[in-house]
Amino acid sequence: MVVHLIDGTYELFRHFYGQRRFNKGKDKPLGAVAGVLHTALEMIEGGATYLGVATDHVIESFRNALWPGYKTGEGIERALAAQFHPLEDALTAMGVVVWPMVDLEADDALASAARIAAADDRVEQVCIWANDKDLAQCVQDSRVVQVDRRGKEIRDAEGVRRKFGVEPVLIPDLLALVGDAQDGYPGITGIGKATAARLLNRHGPIEGFPDNVLGPERERALLFKHLATLKTDAPLFQDVEQLHWAGPTDEFRAWEARIGDKRLSERVLAAARTVGSGPA
């Protein structure tokens with residue numbers, strides 16, 4: 001059994017801006033939603049029948065109260081923002097488990113789902129389909145891996161060490177020191193990726209740094225580490241069998257009309273007929 005965990009928010013952005021290259025500025029109201037559904041179907045057709053999708057129901061999270069510059073939903077195009085909630089409903093109608101996050105982020109859901117799935121002896125591997133750097137902290141040897149769709153790379157623990165220079169468990173410390181522009185915190189002035197990796201490999205986590213290494217910036221670094229550390233205790237499911245895709249619900253027919261994509265229903269029904277015949 002292989003469990004596949006998908007960053008639905010990233011996929012929605014990817015399809016929205018990918019379609020922009022071809023639609024000449026005329027965004028289809030649910031075009032990105034359709035793209036994500038086809039991506040999920042492609043995975044199911046390939047045998048990924050145990051899967052869950054995490055979404056940001058809202059962009060803001062508890063982290064916004066900890067750091068004023070943390071990312072918000074400000075600036076997201078209206079045509080894209082309007083597809084956030086329909087994506088969740090469409091995936092649910094297609095029979096895919098969805099975790100819409102409010103106080104937590106989609107990345108926290110992926111981290112929590114990975115922890116729950118990896119603890120099950122029936123699970124051979126957990127694949128996290130997301131590009132965010134912070135999700136590298138979830139990687140465990142080759143049991144929990146990060147799939148970088150854009151870079152076409154499956155990153156195990158050795159891959160994380162090769163890319164970032166530190167063990168997966170030290171990714172929050174690394175991001176605390178170098179910052180994460182995408183999430184909106186700057187890191188510690190004067191510390192780049194190479195220096196951060198060298199310090200972490202020498203001293204371990206930031207809490208173990210000698211006092212003279214960060215000086216007055218220590219508390220700031222620890223705050224950024226808190227921002228970068230994903231929550232793994234969200235009670236998303238109790239049994240991985242809850243993630244098994246068994247076909248669409250009765251509500252999915254209505255989505256064919258809303259999306260205007262007959263091929264979508266044809267693919268869903270064909271996949272439902274063959275589900276279980278291939279690898280999980």
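The values are calculated or read from the model by the stated rules, or taken from the named source; none is laboratory data. The model shown is predicted, which means the values in this text are computed figures rather than measured ones. Here the Cβ is made from the backbone with ideal geometry for all residues, glycine too, and neighbour counts use every protein chain on show. Side chains included, ligands, DNA and RNA excluded: accessible areas come from the protein's heavy atoms. Shrake-Rupley method; radii C 1.70, N 1.55, O 1.52, S 1.80 Å.
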Report the extension gain between residue 19 and residue 269 in nm, rounded to one decimal, defined as 0.36 nm multiplied by the number of residues separating them, less their alpha carbon distance. 87.5 nm
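Report, to the nearest whole %, how much of the accessible area of the chain belongs to carbon and sulfur atoms, 1.4 Å probe, protein only.
Carbon and sulfur together cover 52 percent of it.
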Which value, in Å², gives the accessible area per residue of the chain when a 1.4 Å probe is used on the protein heavy atoms? 47
GluC sites (Glu not before Pro), restricted to region 48-105: which are DSSP loop and have at most 13 other Cβ atoms within 10 Å? 74, 77
Using DSSP, restrict attention to beta bridges with both residues in the chain and report what percent are antiparallel, rounded to the nearest 5. 25
Quick one: pull the percentage of alpha-carbon pairs in region 116-172 with a separation above 17 Å. 30
Note the direction-averaged projected area, equal to a quarter of the hull surface, for the Cα convex hull of region 1-126, in nm². 8.6
Built amide H within the under 5 Å cut-off of residue 147, gap 5+: 128, 129, 130, 155
Charges only on Cβ, +1 for Lys and Arg, -1 for Asp and Glu: so what's the dipole of the chain about the Cα centre, in debye to the nearest 20? 1120
Counted charge near residue 189, where neighbours are those whose Cβ lies closer than 12 Å (Asp, Glu -1; Lys, Arg +1): 0
So the FRET efficiency between residue 195 and residue 162, C-beta based with R0 = 22 Å and rounded to 0.05, is 0.75
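What does the convex hull of the Cα atoms come to per residue for region 84-181, in Å³?
It comes to 129 Å³ per residue, whole-number rounded.
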Region 1-62, Rg to Rh (Cα coordinates; Rh as Kirkwood inverse mean 1/r): 1.04
If you take every DSSP beta bridge whose two residues both sit in region 36-166, what share of them, in percent to the nearest 5, is antiparallel? 30
Using only the Cα atoms of region 53-136, build the gyration tensor, take square roots of its eigenvalues as a ≥ b ≥ c, and label the shape rounded, prolate or oblate: rounded if a/c is under 1.5, else prolate if a/b is larger than b/c, else oblate. oblate
Report the number of Lys pairs in the chain whose alpha-carbons are under 19 Å apart, with separation of 8 or more residues or on distinct chains. 12
About its Cα centre, what dipole magnitude does region 183-242 give when the only charges are +1 on Lys and Arg Cβ and -1 on Asp and Glu Cβ, stated in debye to the nearest 20? 420
Under the 7 Å Cα-to-Cβ spin-label approximation, residue 150 and residue 64 lie apart by a distance in nanometres of 2.3
Positive-end extreme of charge dipole, region 1-91 - chosen from 23, 67, 85 (charges on Cβ): 23
How large is ³J(HN,Hα), in whole Hz, for each residue of region 221-233 in order, when computed from phi with the Karplus curve 6.51 cos²θ - 1.76 cosθ + 1.60 and θ = phi - 60°, using x for Gly and Pro? 4, 5, 5, 5, 5, 4, 5, 7, 7, 7, 6, 10, 10
Quick calc of log₁₀ I(q)/I(0), region 232-277, Debye, one scatterer on every Cα, no solvent, q values 0.13, 0.20 1/Å, result -0.43, -0.75
Send over the semi-axes of region 193-272's equivalent ellipsoid, whole angstrom and largest first, taken as the square roots of 5 times the C-alpha gyration tensor eigenvalues. 51, 16, 13
Summing +1 for each Lys or Arg and -1 for each Asp or Glu, what net charge is found among the other residues whose Cβ lies under 10 Å from the Cβ of residue 205? -1
Mind running the shape call on region 136-280? Use the C-alpha gyration tensor, a ≥ b ≥ c as the square roots of the eigenvalues: rounded below 1.5 for a/c, prolate if a/b tops b/c, oblate otherwise. prolate
For the chain, fraction of C-alpha pairs farther apart than 33 Å, in %: 25
